[in-house]
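Taking it in order: structure first as structure tokens, then the write-up.
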Amino acid sequence: MKKMAFIAALFGVLALAAPAQAARVEVQWWHAMSGVLGERLNELVEKFNASQDKYTVVAVAKGNYDEVTNGVIAAYRAKRPPEMVQIAERGYMTMLLSGAVVPVQELLDQKGYKVDFSDFVKPVASFWSYKGRMSAMPFNSSTPIFWYNKDHFQKAGFDKPAATWQELEKQLYAIKAKGVSECGTVLPGDFFWSLLENYSAINNQPYGTLANGFDGLGTEFVYNKTKVVSQVARLKKWLDDGVMQIAGQGFSPEQLFTSGRCSTFVNSTASHGNIERNAKINWSATFLPHESDINPPLNSTIGGGAIWVMKGHTPERYDAVAAFLDFVAQAETQVWWHGVTGYVPATNKAYAMARERGYYKDHPTREIAVLQLSRGTPNDNSRGFRFGNFVQTMLAQRSEVEAVFTGQKQPQQAMDDAVKRGNEILRQFEKLNAGKGTEWSPEAK
Amino acid sequence: MKASAPIAPSSIWPEAPADSPSGLARSQHKSPGETAAGRRAVTERASKAWTPKRGQPDREPGLKRANFGRGVGLPTLLLLPQVLILVFFFFIPSLRALTQSVLLSDPFGTTVHFVWFDNFKALFANGEYRQSLVTTVWFTVAQNVITLAIAVVLAFATDRVVRARSVYRTLILLPYAIAPAIAGILWAFLFNPVVGPLAHMLHALGISWDPNRNPNDALWLVIMAASWKHICYDYIFLVVGLLAVPVSLMEAAAVDGAGPIRRFFLIALPMLGPTIFFLAVMNFIYGFFETFAIIDAVTHGGPAGATNILVYKVFVDGFINLDLGSSAAQSVLLMTFALICTLLQFRYFDHKVNYGV
């Protein structure tokens, strides 16, 4: 009996002691960063945890973006969602209209944090805001840039890659003809993002109606009537002539570039970390090419992810979330993240800070993405893409483009079919989400 | 048994009382109430009916018969874990899939419309789905035939391997221990047209191999990878099956001058009937349901949907595209196809298989 009492007392003491020890409010952040990027993200979280003594953010790697999305959906349905989750840009509409998230700007306002969202780099801000207010915290924003092997270009007698697709084509054919390299360029794994979507933005081509979906769910794809068709035909021609190669499964396009096999490579600026670590070649990078009859080219659009805040938690936890998001938005954090990963700084202030410190003198290629994103004023064609079920429409499109590469379809036919399939998917999204999103409009408050 | 023997099971034993084999089967259900003498009589009748031609006296014949003499308590208890696994990992998820297949819902489940059979109608109207169906038929049939053919040859060759037989067996069984995704990446790399050594060999032979741009190459690649992964499974069963072929029969045939190939086709293969039938069913199930990791690693269902088999489409539509209603409808249909396929196999092939080995 005494023993029992002792044990009970012990538990009592522990119960009293526990809150004192666990005074820090703990919140979870599910993310999709792996490799070098995952290590950097953990460092970021440690910095935040060390910077104050009230909150602890626990970063949980949940696999790739698709796996994180599935994880958070399952968790939300089981009523145990994490407080924060990193979702890729393509999942924007799904998250926005899910009814499962808390608008970031509203949360920060409510908790008294003054984050200057007007200072965010324009394509970043416009992508992640809805009805004028930030819906998720931009975290890892990237954009595709054009990587090239300096030695190959010099051997073929060129200074650097040309600014237009027409001139670039001549260069790539010359590189192959002169025997400098048998592979002028490699098809990016996410070519739909860099060579079709960003291509459309840069070359001022509409991708869908209603300002690429920014003005409503009734948007329809129109890229079968734009330069995208001739772009697909160009890629097909390059493949047929052996100027472009497909890395295929079991091997990544990046490896074909960093090993010195392929002379050029279109990929996200976020691969700076990897390429700096792995490339055994004399590489550099420049802007994505544009069409010769489009001058000046417009800004490119972003890819990457943002941090969404999930509904269903206690106010104390939202205190922690708001503190962390404020930390992420600070210029100092942005500059550090930009430097160690290659993602672009999300705010103009952070960019100016990196410039002042002379960061781009040592790392000139890191500035390309920022310059490419912020050149000119974004218009309806270059603000970004706001299509529902954007992953699904992209996969349908990829399959149709592959049908061109296999020779089963002509480019026009394939793009017509891709648009048709894509529009059916958009209509399904519209049917399911009609009338949603009203909670986001300022007048609803 | 003569090749021309009728196929009805009871006619295999023409001299037996008409009801005896099935009478034995029925005795399973009423055995608790029966007297020991009655049971003995049934067993005796059955074995008398069974034995004459085989020279294997008093053995319980057949793979399909079991006799629980001591009530149903113990068998139920022993079955329970399996039944529970089925309930939690099969019946409940199946019910969920069935429900989801008539719903249109957003991924987070905040909006749900009941749409009757719209998801199914949309699938049948969808050219991509029909293409996937055709691809699946090619894929599973080819995979089945290749896996069985190679496994039979390897199993039969086991006896011919004199030195290091256990090494031979281990090597063949090895792929079973490799995760499907890893197996897929191995094959994708070996046959990668840019860097793969085996692809380079094919190119050297003048074969224009490119699974990234040739749908047929891609389909062959995933068929080979899926077969390679499953040969070991078939092999184990076939080796055991071959052990059950009486040595005396083989020796007699050898004395009569039949070479190894003739002995294989005329004696071993017919006696392997039940095993091969069982494996064919298992291969279909494997091809239908367990190959999506390989597809994901080797081709992502491409190029242009050339390797987008049904189970991979279920996965992509459900977990990548987040189109849960359609994905659920597809898994219901896939399950129906698999059921029909298995039932057809039992209906048309089961009776031709001699279980009396």
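The values are calculated or read from the model by the stated rules, or taken from the named source; none is laboratory data. The structure presented is a predicted model; accordingly, all values stated were derived computationally and were not measured. Cβ sites come from the backbone with ideal geometry, for glycine too, and all protein chains shown count toward neighbours. Ligands, DNA and RNA are excluded from the accessible area calculation, which covers all protein heavy atoms including side chains. Shrake-Rupley method; radii C 1.70, N 1.55, O 1.52, S 1.80 Å.
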> Where a ≥ b ≥ c are the square roots of the eigenvalues of the C-alpha gyration tensor, would you call the range A:307-369 rounded, which needs a/c under 1.5, or, failing that, prolate if a/b is larger than b/c, or oblate?
Replying inline: prolate
>> Once R0 is set to 25 Å, what does the formula 1/(1 + (r/R0)^6) return for the Cβ-Cβ distance between residue A:166 and residue A:255, expressed as a FRET efficiency to the nearest 0.05?
In response: 0.30
> Quick one: Debye curve from the C-alpha atoms of the range B:199-357, no solvent, what's log10 I(q)/I(0) at q = 0.16 Å⁻¹?
Replying inline: -1.00
> A plus B alone minus the pair: what accessible area, both sides summed, probe 1.4 Å, in Å² to 100?
Replying inline: 3200 Å²
> What is the spin-label model distance, in nm, from residue A:214 to residue B:243 if the labels are put 7 Å beyond Cα along the C-beta direction?
Replying inline: 7.2 nm
> Considering chain A as a Gaussian network with a 10 Å cut-off on Cα pairs, which listed residue, A:136, A:279, A:322, attains the greatest mean-square fluctuation?
Replying inline: A:279
> What does the helix-only formula give at 222 nm for the protein assembly as shown: each DSSP H stretch with n ≥ 4 adding -39500 (n - 2.57), the total divided by the residues, and the result rounded to the nearest 500 deg cm²/dmol?
Replying inline: -16500 deg cm²/dmol
> Which of the cysteines found in the protein assembly as shown have nothing to pair with, since no other Cys Cβ lies under 4.7 Å from theirs?
Replying inline: B:232, B:341
>> For a quick check of understanding: with a 1.4 angstrom probe and all protein chains in place, what accessible area in square angstrom does residue A:287 have, to the nearest ten?
In response: 80 Å²
> When the Karplus curve 6.51 cos²θ - 1.76 cosθ + 1.60 is applied with θ = phi - 60°, which whole-Hz ³J(HN,Hα) does each residue of the range A:342-348 get, with x for Gly and Pro?
Replying inline: x, 5, 7, x, 7, 10, 5
> Which pairs break 21 Å Cα to Cα here: A:170/A:227; A:176/A:225; A:150/A:170; A:170/A:409; A:225/A:409; A:227/A:420?
Replying inline: A:176/A:225; A:170/A:409
> What is the gain in length, in nm to one decimal, between residue B:254 and residue B:153 on full extension, counting 0.36 nm per residue of separation less the C-alpha to C-alpha distance?
Replying inline: 34.5 nm
> What is the sum of charges around residue B:199, taking Lys and Arg as +1, Asp and Glu as -1, for the other residues whose C-beta is under 10 Å from the C-beta of residue B:199?
Replying inline: -2
>> How far apart, in nanometres, would the label points at residue B:164 and residue A:424 be if each is projected 7 angstrom from Cα along the Cα-to-Cβ direction?
In response: 5.5 nm
> Loop-only check: which trypsin sites (Lys or Arg not before Pro) in the range A:80-176 are DSSP coil with at most 14 other Cβ within 10 angstrom?
Replying inline: A:114, A:131
> Using θ = phi - 60° and the Karplus form 6.51 cos²θ - 1.76 cosθ + 1.60, what ³J(HN,Hα) does each residue of the range A:136-144 get, whole Hz, x for Gly and Pro?
Replying inline: 9, 8, x, 10, 10, 9, 9, 7, x
> Averaged per residue, what accessible surface does the protein assembly as shown expose to a 1.4 Å probe, in Å²?
Replying inline: 47 Å²
> Normalised by the residues of chain A, what does the relative contact order come to in percent, with Cα pairs under 8 Å and at least six apart?
Replying inline: 25 percent
>> Through the Karplus equation 6.51 cos²θ - 1.76 cosθ + 1.60, θ set to phi - 60°, convert the phi angles of the range A:305-312 into ³J(HN,Hα) values in whole Hz; use x for Gly and Pro.
In response: x, 9, 9, 9, 9, 8, 6, x
> Do the alpha carbons of any pairs in A:280/A:349; A:62/A:311; A:237/A:280 sit beyond 23 Å of each other, and which pairs?
Replying inline: A:280/A:349; A:237/A:280
>> Just to be sure I understand the model, the point goes 7 Å from the Cα along the line to the Cβ. What's the resulting residue A:60 to residue B:285 distance in nm?
In response: 3.4 nm
> Counting only residues 5 or more places away or on other chains, whose amide H sits under 5 Å from the amide H of residue A:139 once H atoms are built in the peptide plane?
Replying inline: A:305, A:306, A:307
> Given a Förster distance of 22 angstrom, what is the FRET efficiency for residue A:109 paired with residue A:434, based on the Cβ-Cβ distance and rounded to 0.05?
Replying inline: 0.15
>> Restricting to DSSP loop positions (anything but H, G, I, E, B) with no more than 11 other Cβ atoms inside 10 Å of their own Cβ, which trypsin sites (Lys or Arg not before Pro) remain in the range A:230-304?
In response: A:280
